[in-house]
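This report refers to the structure that appears directly beneath it.
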Amino acid sequence: MKSDVQRDLTFTRRALFIGGVQAACGVLIGGRMVYLSVFEGEKYATLAEDNRVAVRLISPRRGWLTDRNGQPLAINQPEYRLEMIPEQVEDIPKTLARLSRLIDLSPQDITRIKEEAATRPGYLPIEVANNVDWENYSAINVRLPELDGVTPVRGFSRFYPDGDAVGHLMGYVAAPTREQYLEADRDPLFLHPAFKVGKDGVERTLDERLRGERGARRIEVNARGRVIRELDTRPDIPGENVRLSIDRDLQVFAARRIGPESGSVVVLDTVTGEVLAMVSMPAFDPNSFSDGISHKEWDALTSNEMNPLINKSIQGLYPPGSTFKPVTALAALAYGVDPADRVICNGGYSLGRHRFACWRRGGHGAVDLDKSIYQSCNVWYYTRGRQIGIDAIHDMGTKLGLGVTYDTLQLPNQKSGILPDPAWKRERYDQAWLVGETLNSSIGQGYNALSPLQIAVMTARIASGNRVMPTLLAGAEEIVQPLEIDPEHLAMVRHGMDLCVNGPAGTAGRSRLRLDNVRMGGKTGTAQVRSLAKNRGGFIPWKFRDHGLFVAFAPVEEPRYAISVTIEHGGGGSKAAAPIAKDVMTFLYDRDQAMASLARLEDGWNVERIAAEVVPVPDLDNANGDTRPT
Amino acid sequence: MATLALPDRLSRLPWAAILAVLALGLFSMLVLYSAAGGAAAPWMTNQGIRFAVLFVMMLVLSQFDVTFWLRWAYPFYGVCLVMLIGVELMGQLRGGSQRWLNLGFMNLQPSELMKIAVVLALARYYHFLPRVRTQTMASLILPAVLIAFPAALVMLQPDLGTALTIILGGVTIVFLAGARLWMFVAAGIGAVVGIPLAVKFLLQEYQQRRVLIFLDPEADPLGAGYHITQSKIAIGSGGISGKGFLSGTQSHLQYLPEQHTDFIFATMAEEWGLFGGFFVLACYGIILSWGTWTALTAKAVFSRLAAMGLTVTLFFYIFINLAMIMGFAPVVGIPLPLMSYGGSAMLTALLLMGILISIYHHKNRQRLQTVPGSI
């Protein structure tokens, strides 16, 4: 540099240059700000709003199920739950470790939570725990600041006040499966922890009606997902409350009346087809399914030889035994058999070299239609069955609603059972029908396998003469669809059934109603599990005892109720099933008398139950192969 | 000089710049009040006390004779360097990076003071450098050392933003002092080529990521790009007139990171809108143009270089922060001087302003009576 002046000039030039750069930068910043806030302002305002406001689904409250009188069968109970939104949790294992200091989290729970966190969208809440009691719930609320992403939720859980008495009927609810979620087009509601769908029973068939409409909550959330306040809410629309045809008191009574036995009771309204009670015992408690069932409970259910997971009313198939005889009788009458014509019973019926036995070894002597029913004489049926042929019997059975499932009944997984005929046998075994099989079929043995509900429908049809179809919805219309059966024939069979209970020599004489003005007509039945010969003499293990069946209707003059009682391995129908039918039927007319009878029985069972557990039962399973009737 | 009466002293103060400082300081109180959700605690009160104390300090420093700064430039630089090394050693001992010394009432970041120290030291160097030697290569050795040593230490912390400010502040002085232009052109070209390489090899991984995310913030909306995106949302959603005092959602719902420190401008802009933004920019504009004008009109070499150097240091500070907030620069973690919550940044800004005013008072003096070599 030559001079101070030159140096000054250089400085001034360069300082001005730097000043200019500063000014340019200032303009740049100012321009950028104008761009952001004016030209892009709207876009960013929307984004800020998106940040601020989150929409949370409200799972719709499930509709109630009530009995015909409005008594609750399935309701919603307030419940405290813990949910976690994975994307708001920094360290899931750590958060879970903290949580498990406050509440019980089993290793399975932790595995499940981690798995769900890994597989589901991060913004959807995962259920951490349900049924948290109030103490733990408030303890967690206090510690929430350390538990980012964890939200305590007040929700509802399904509650069945009558527990196992309605277990099979109600079914249960649970979280939708992945398949259901995909079927619903990945509806986020299906991932909502509080959203449950019906998995079985009425809960499943009526699911869509009970489901309701989801609500939504717009909430202000901070960056950590904590809810700051609620903005507005579109409430959910609860699902429909559905009134079932069930009479809750009757249902519970029947369940208790079965007591320690394994069996089913079905009560139908013969006029409308409404199911008043449908009990299968022993049963599961649907409440334990709603909260998630423990392994222990599950193992107990699956290993029980009384099959508490099977709804015997619609899924249990039993040879109807003598309860089938009204079918053969009606077929014979339709064929033109004179009811007064007698058949001589000397204790058996010979077909070729084979002798078909009557239950009374000494024989019944001369037997007409009435006596064939009230004395349940096999020989009459062997004779008539052979006379009219299997097709006539099958045809009559079909008219009476046997061997089919009922699409009017709101229950899934019904079994149609077997009402055999030659075509069926041809298809099933590719063999010709044998006459001996006709004889067996005519007394409800052989291939016959029907559900307790089917023989209840059969009884209701015989009682009303109409084509009764069972339904579980209350308020069903009176059914006026006469069967193609001569009403006089029906009256004759009903008379025989009246005598069976109320006559001097009926097989169910001990079970007549102790009521002044109501009589019950019925038919006993005993389904053999093992041939009579094997069961003769001495101690018979439970699994090899006969099934006891009884069907009945009342009042005899103008039937209103039909009942079918099936007791697995309970022994004969008159001993095991008829007394239950009597008490249940009594309950419909005189509750106090029925309850008194039940109270006496329950006193006795307590003693018996304890004894039953002490008595060692020989394990004969493997020695004898198949022990269940087909 | 010392004989001047108080009224005269007051009348000689550069009131426009001082009022701008005051306005920014007070405005920052409002923003901090809102950022705390409408509460004086935890930020506003602290910041208020600090600002009051440091503002008085600024006024006191402004009364110092300009030769004081000239005389103490090297020792000041030396003290800052020792503190910088001290911080680095302490960080090494404790097995982590530490940037500050705890002074009890505040945490002091030596790197902040170093920004000023570098400017003063270089201004002093050139003040006494014979005119004829200003363009020799040899004359560049000491400035290079003076700049590179602290910059490297700060980079080690690692604090990229501050290191850049130190380098740019120093280079500005070298540039203004009259070093040959071609060197700067060459350095510019070198930077264009070298920066990508430096990014690749010198920067920490998290810094690299910040640079890459800065180039495409939407690529990682929940990761490192989150800061920039949320800041832009805050500024943009404020619109022209803002959402209103205490009504910012981005800040109150904590979507905005560092809402009271580095991102305070976004917090402010959300509630005060474009108007608030322009007000702040105008205040900085007044301060910076006053500083530049002081440099242009100052007579002594030290005054000129120090004034411009300090102005540019302040400018970089502001610019890097605002550019970052608006998505122009990577997130480097530089506070906004005079507004962000924090003691060190405010100390630096007001110390800088004090020195600048002191230079302003003496800008017409040709000769500064200090002999080279003496302290």
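The values are calculated or read from the model by the stated rules, or taken from the named source; none is laboratory data. Here the structure is a predicted model, which means the values were calculated and not measured. Positions of Cβ are backbone-derived with ideal geometry, glycine not excepted, and every protein chain shown enters the neighbour counts. Side chains are part of the model used for accessible areas, which takes the heavy atoms of the whole protein and leaves out ligands, DNA and RNA. Shrake-Rupley method; radii C 1.70, N 1.55, O 1.52, S 1.80 Å.
Assorted remarks:
- Options A:ALA175, A:ALA118; residue that is aliphatic (A, V, I, L, M), closer than 23 Å to A:GLN410 by Cβ and out of contact with any helix residue (DSSP H, G or I) (no Cβ under 7 Å at 6 or more places or on another chain): A:ALA175
- With respect to the conditions (1) modelled with pLDDT under 95; (2) open to solvent by less than 30 Å² (accessible area, probe 1.4 Å); (3) closer than 22 Å to A:ALA463 by Cβ, A:VAL565 falls short on a single one, namely (1).
- Hits in region A:582-630 - residues which are modelled with pLDDT under 50 and acidic (Asp, Glu): A:GLU608, A:GLU613, A:ASP619, A:ASP621, A:ASP626
- The set of residues from region B:172-192 being open to solvent by 30 Å² or more (accessible area, probe 1.4 Å) and within 11 Å of chain A (Cβ to nearest Cβ) comprises B:ARG180, B:LEU181, B:PHE184.
- Complete set of residues in region A:227-252 that are surrounded by 17 or more Cβ atoms within 10 Å (Cβ to Cβ) and farther than 27 Å from A:VAL197 by Cα: A:LEU250
- Check on A:PHE156, in a strand (DSSP E or B), under 26 Å from A:ARG229 (Cα atoms) and aromatic (Phe, Trp, Tyr): yes
- No other residue among B:LEU274, B:LEU281, B:LEU296, B:LEU288 is part of a helix (DSSP H, G or I), facing another protein chain (nearest Cβ under 7 Å) and surrounded by fewer than 17 Cβ atoms within 10 Å (Cβ to Cβ) apart from B:LEU296.
- Filter result for the condition that a residue is without any contact (Cβ under 8 Å) to a residue 60 or more places away in the chain and under 19 Å from B:LEU347 (Cα atoms), over B:LEU59, B:LEU32, B:LEU84, B:LEU22: B:LEU22
- The one condition in (1) out of contact with any Gly (no Cβ under 9 Å at 6 or more places or on another chain); (2) facing another protein chain (nearest Cβ under 10 Å); (3) open to solvent by less than 10 Å² (accessible area, probe 1.4 Å); (4) touching a residue at least 12 places away in the same chain (Cβ under 8 Å) that B:ALA306 fails to fulfil: (2)
- Lone qualifier among A:ALA194, A:ALA165 - being under 29 Å from A:PRO282 (Cα atoms), buried (at least 17 other Cβ atoms within 10 Å of the Cβ) and in the same structural domain as A:LEU65 (by TED's automatic domain parsing): A:ALA165
- Counting residues in region A:86-99 that are open to solvent by 20 Å² or more (accessible area, probe 1.4 Å) and among the hydroxyl-bearing types (Ser, Thr, Tyr) gives zero.
- Positions within region A:120-144 being modelled with pLDDT of 80 or more and more than 30 Å from the chain's Cα centre (by Cα), in sequence order: A:TRP134, A:GLU135, A:ASN136, A:TYR137, A:SER138, A:ALA139, A:ILE140, A:ASN141, A:VAL142, A:ARG143, A:LEU144
- Any hit, region B:259-269, residues being away from chain A (no Cβ under 11 Å), assigned to a helix (DSSP H, G or I) and surrounded by fewer than 24 Cβ atoms within 10 Å (Cβ to Cβ): no
- All of (1) on the phi < 0 side of the Ramachandran plot; (2) open to solvent by 20 Å² or more (accessible area, probe 1.4 Å) hold for B:GLY333 with one exception: (1).
- Restricting region B:95-129 to residues that are open to solvent by 60 Å² or more (accessible area, probe 1.4 Å) and assigned to a loop (DSSP other than H, G, I, E, B) leaves a set whose member that is modelled with the highest pLDDT is B:TRP100.
- Residues in region B:1-58 that are under 24 Å from the mean Cα position of the chain (by Cα) and either open to solvent by 80 Å² or more (accessible area, probe 1.4 Å) or basic (Lys, Arg) (or both): B:TRP15, B:LEU19, B:LEU26, B:ILE49, B:ARG50, B:VAL53, B:VAL56.
- Filter pass, A:VAL221 being exposed (fewer than 15 other Cβ atoms within 10 Å of the Cβ), in contact (Cβ under 8 Å) with a residue 24 or more places away in the chain and either within 30 Å of B:ALA234 (Cβ to Cβ) or within 14 Å of another protein chain (Cβ to nearest Cβ) (or both): no
- Among the residues of region A:5-15, the one identified as open to solvent by 40 Å² or more (accessible area, probe 1.4 Å) and facing chain B (nearest Cβ under 7 Å) is A:THR12.
- Complete set of residues in region A:406-428 that are within 30 Å of A:VAL242 (Cβ to Cβ) and without any contact (Cβ under 8 Å) to a residue 40 or more places away in the chain: A:ASP407, A:SER416
- Apart from one condition, B:VAL132 fits all of (1) farther than 27 Å from B:ALA345 by Cα; (2) of a type in the set (A, V, I, L, M, F, W, C); (3) open to solvent by less than 20 Å² (accessible area, probe 1.4 Å); (4) without any contact (Cβ under 8 Å) to a residue 40 or more places away in the chain; the exception is (3).
- Odd one out for A:LEU268, checked against (1) of a type outside the set (Lys, Arg); (2) outside the structural domain of A:ALA129 (by TED's automatic domain parsing); (3) not in a strand (DSSP E or B): (3)
- Options A:ASN69, A:ASN76; residue that is under 23 Å from the mean Cα position of the chain (by Cα), assigned by TED's automatic domain parsing to the domain that holds A:TYR160 and open to solvent by 60 Å² or more (accessible area, probe 1.4 Å): A:ASN69
- For region B:230-254, residues that are among the basic types (Lys, Arg) and either outside any helix (DSSP H, G or I) or more than 7 Å from chain A (Cβ to nearest Cβ) (or both) total 1.
- A:ASP583 meets the conditions (1) surrounded by fewer than 17 Cβ atoms within 10 Å (Cβ to Cβ); (2) touching a Ser or Thr at 6+ places or on another chain (Cβ under 7 Å) in every case but one. The failed one is (1).
- Residue in region A:24-45 that is farthest from B:VAL312 (Cα to Cα), counting only those that are open to solvent by less than 80 Å² (accessible area, probe 1.4 Å) and more than 8 Å from every other protein chain (Cβ to nearest Cβ): A:GLY31
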